[in-house]
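K.L.:
My questions all concern the structure below.
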Amino acid sequence: MTVIISLLAAVTLILIAIIGAGTLGLQYLFGIVIPYATLAAFLFGIVYRVVKWARSPVPFHIPTTCGQQKSHPWIKYSKLESPFTALEVTGRMALEILFFRSLFRNTKVDLKKGPKLVYGSEKYLWLAGLAFHWSFLIILVRHLRFFVEPVPFFVAALQTLDGFFQIWLPIIYITDVVILVALLFLLFRRLYDPKLRYFSLAADYFPLFLLLSIAVTGYLMRYTGAKADLIAVKELAMGLLSFRPTIPVGLDTIFFIHLFLVSVLIAYFPFSKLMHMAGVFMSPTRNLANNSRAKRHVNPWDYDVKVHTYEEYEDEFREVMKAAKMPLEKE
Amino acid sequence: MYDAGKVITGIIVFLILITFPFWFNAASGRATYKPDPEIITPDDQCVETAEYMKRNHMDMLNQWRDQVVREGQRTFVAPDGKTYELSLSNTCMNCHSNKSEFCDACHNYMAVSPFCWDCHIEPQETTYGYK
């Protein structure tokens with residue numbers, strides 16, 4: 001059911017773009033107003049969410065570790081698995097963000113015949129996740145050719161590398177194939193396993209369908225007969241970026257579908273699970289050093305409790321205690 | 001806010017990166033630049049319409065190459081009935097002899113580097129004869 005709702009949501013978005021930009025000809029709305037509005041929502045949303053997270057205290061010092069902690073100098077400790085200094089934390093974070101190190105340890109549980117509970121390693125999620133994220137990043141950077149003039153050398157270099165195999169014309173990019181395979185795997189992974197299907201929500205399927213629709217509309221404009229007029233596309237982008245927006249001649253409905261889906265994605269981004277992009281930097285289980293034996297972590301929640309120490313108690317009752325011949329710390 | 005220094009630095013770095021196209025274009029001063037491929041053709045009609053060529057010339061060139069190299073088929077019949085020789089150097093470049101002002105105008109703008117000249121010899125452009 002959640003799958004169908006998500007699929008319907010993606011189809012509805014495509015229909016909105018077809019009817020809005022195509023049939024009704026609201027190109028100004030879909031080409032200028034919506035991109036600006038969604039970009040504003042994206043920037044505002046990200047900052048808002050991050051600040052909101054930063055305002056919540058981390059009551060406990062909770063780095064999750066899986067290596068020897070730093071203790072005596074003659075015991076070798078694991079710098080990346082149990083970081084002690086800020087530099088080591090940075091190294092651990094970098095591996096987490098760039099290579100999803102913790103997901104590499106992902107395990108699966110299966111109930112086999114017997115009944116027998118079997119635990120095993122599960123690397124496919126890590127592999128598909130890594131393949132998807134890196135492809136997405138490379139595709140995003142490649143798209144800079146539509147957004148900047150002159151096109152920087154690294155965009156051209158990335159394009160050449162991505163089109164290394166020179167198959168088809170226009171050359172099929174490796175990342176275009178990889179991202180499609182990865183997204184389909186991530187989708188079927190949720191559908192195939194009953195346990196995963198049980199706890200998958202519409203919010204899990206919707207981004208997958210949205211990303212798939214974006215990818216497919218992109219393929220249609222590059223590889224098939226529905227080719228876009230790229231000069232017009234870049235003219236639109238450059239107009240938006242220099243705050244002199246115009247709608248150039250030559251933009252097709254398929255381009256507006258692509259643009260509208262991307263607009264929806266970036267507006268949806270800060271208010272959905274996609275915010276793990278910023279969240280990964282703010283996970284206290286990852287970004288804290290495991291140094292609680294060397295440095296005191298004070299709970300920011302700690303209420304300033306009025307205490308009456310033993311010293312003060314003794315000062316208050318010294319005479320009485322002396323008279324009762326009770327032992328005193330200070331005479 | 002906790003760890004305000006780190007969080008605000010992070011937000012600023014993110015905003016600088018994400019707004020890269022805005023400030024890059026403002027700095028390069030080429031935001032309003034639009035390529036204007038110069039057409040100096042003696043004929044006033046291409047093998048297909050300009051609108052078709054704009055989007056599909058790469059497909060056509062690819063088909064032409066396959067037809068010539070693999071099938072030995074060297075004639076193209078245009079929609080208007082005219083026949084042309086399938087040849088980049090002799091047919092296309094005969095009219096569009098100004099590679100640097102015609103081909104490269106859009107290709108540079110879109111960062112496209114077609115591999116035509118991996119096999120074909122790049123045309124020797126004369127400094128006279130057009131413009």
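K.L.:
Filter region B:1-11 for residues that are part of a helix (DSSP H, G or I) and at the interface with chain A (Cβ under 10 Å from one of its Cβ atoms) and give the result.
P.N.:
Across region B:1-11, the qualifying residues are B:Ala4, B:Lys6, B:Val7, B:Ile8, B:Gly10, B:Ile11.
K.L.:
Quick one: how many residues across region B:35-75 are within 13 Å of another protein chain (Cβ to nearest Cβ), open to solvent by less than 60 Å² (accessible area, probe 1.4 Å) and not in a helix (DSSP H, G or I)?
P.N.:
2
K.L.:
Go through (1) farther than 16 Å from A:Pro152 by Cβ; (2) assigned to a loop (DSSP other than H, G, I, E, B) and name the single condition B:Arg30 misses.
P.N.:
Looking at each condition in turn, B:Arg30 falls short on (1).
One line per residue, one yes/no per condition, for (1) at pLDDT 95 or above; (2) among the basic types (Lys, Arg); (3) part of a loop (DSSP other than H, G, I, E, B):
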| position | (1), (2), (3) |
| --- | --- |
| A:Leu274 | yes, no, no |
| A:Arg293 | no, yes, yes |
| A:His297 | no, no, yes |
| A:Asp302 | no, no, yes |
| A:Lys306 | no, yes, yes |
| A:Phe317 | no, no, no |
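K.L.:
Can you tell me which of B:Phe14, B:Phe22 is in contact with a helix residue (DSSP H, G or I) (Cβ under 6 Å, 6 or more places away or on another chain), part of a helix (DSSP H, G or I) and open to solvent by less than 60 Å² (accessible area, probe 1.4 Å)?
P.N.:
After ruling out the rest, the residue left standing is B:Phe22.
K.L.:
Against the conditions (1) open to solvent by 50 Å² or more (accessible area, probe 1.4 Å); (2) within 30 Å of B:Glu51 (Cβ to Cβ), where does A:Lys306 fall short? Just the number, please.
P.N.:
Among (1) open to solvent by 50 Å² or more (accessible area, probe 1.4 Å); (2) within 30 Å of B:Glu51 (Cβ to Cβ), A:Lys306 violates only (2).
K.L.:
Does A:Pro284 count as within 30 Å of A:Leu95 (Cβ to Cβ) and either more than 32 Å from the chain's Cα centre (by Cα) or within 14 Å of another protein chain (Cβ to nearest Cβ) (or both)?
P.N.:
It is true that A:Pro284 is within 30 Å of A:Leu95 (Cβ to Cβ) and either more than 32 Å from the chain's Cα centre (by Cα) or within 14 Å of another protein chain (Cβ to nearest Cβ) (or both).
K.L.:
Would you tally the residues in region A:23-46 being more than 26 Å from B:Ile11 (Cβ to Cβ) and open to solvent by 30 Å² or more (accessible area, probe 1.4 Å)?
P.N.:
8
K.L.:
Criterion first (open to solvent by less than 50 Å² (accessible area, probe 1.4 Å), small (Gly, Ala, Ser) and not in a helix (DSSP H, G or I)) does A:Ala232 satisfy it?
P.N.:
So A:Ala232 fails the test.
K.L.:
Find the residue count for region B:68-89, including only residues that are in contact with a Leu (Cβ under 9 Å, 6 or more places away or on another chain) and within 16 Å of B:Cys119 (Cα to Cα).
P.N.:
2
K.L.:
Looking only at region A:264-290, count how many residues are closer than 16 Å to A:Leu211 by Cβ and not aliphatic (A, V, I, L, M).
P.N.:
Matching residues across region A:264-290 total 5.
K.L.:
Give A:Ser78, A:Ser82, A:Ser56, A:Ser6 a once-over and let me know the one that is away from chain B (no Cβ under 14 Å) and under 20 Å from the mean Cα position of the chain (by Cα).
P.N.:
A:Ser6
K.L.:
A follow-up question, please. Can you name the number of the only condition in (1) assigned to a helix (DSSP H, G or I); (2) facing chain B (nearest Cβ under 9 Å) that A:Arg244 fails?
P.N.:
(1)
K.L.:
From the list A:Leu186, A:Leu196, A:Leu259, A:Leu220, which one is surrounded by fewer than 19 Cβ atoms within 10 Å (Cβ to Cβ) and modelled with pLDDT of 95 or more?
P.N.:
Result: A:Leu220 is the single residue among A:Leu186, A:Leu196, A:Leu259, A:Leu220 that is surrounded by fewer than 19 Cβ atoms within 10 Å (Cβ to Cβ) and modelled with pLDDT of 95 or more.
K.L.:
Of the numbered conditions (1) open to solvent by 30 Å² or more (accessible area, probe 1.4 Å); (2) farther than 14 Å from A:Ser263 by Cβ; (3) within 24 Å of the chain's Cα centre (by Cα); (4) modelled with pLDDT of 95 or more, A:Thr12 satisfies every one except a single condition; which is it?
P.N.:
Status for A:Thr12: all satisfied but (3).
K.L.:
Separate question: Write out, first by first residue and then by second, each pair whose Cβ atoms fall under 7 Å of each other, whose residues are 6+ apart or on separate chains, and whose first residue, in region A:106-122, is of a type in the set (A, V, I, L, M, F, W, C) while the second is exposed (fewer than 10 other Cβ atoms within 10 Å of the Cβ).
P.N.:
From region A:106-122, the pairs are A:Val109/A:Leu117; A:Val109/A:Tyr119; A:Leu111/A:Leu117; A:Val118/A:Lys112.
The values are calculated or read from the model by the stated rules, or taken from the named source; none is laboratory data. All of these numbers come straight from a predicted model, not from anything done at the bench. Cβ atoms come from the backbone with ideal geometry, glycine included; neighbour counts cover every protein chain shown. Areas reflect the complete protein model, heavy atoms only, side chains present, ligands, DNA and RNA absent. Shrake-Rupley method; radii C 1.70, N 1.55, O 1.52, S 1.80 Å.
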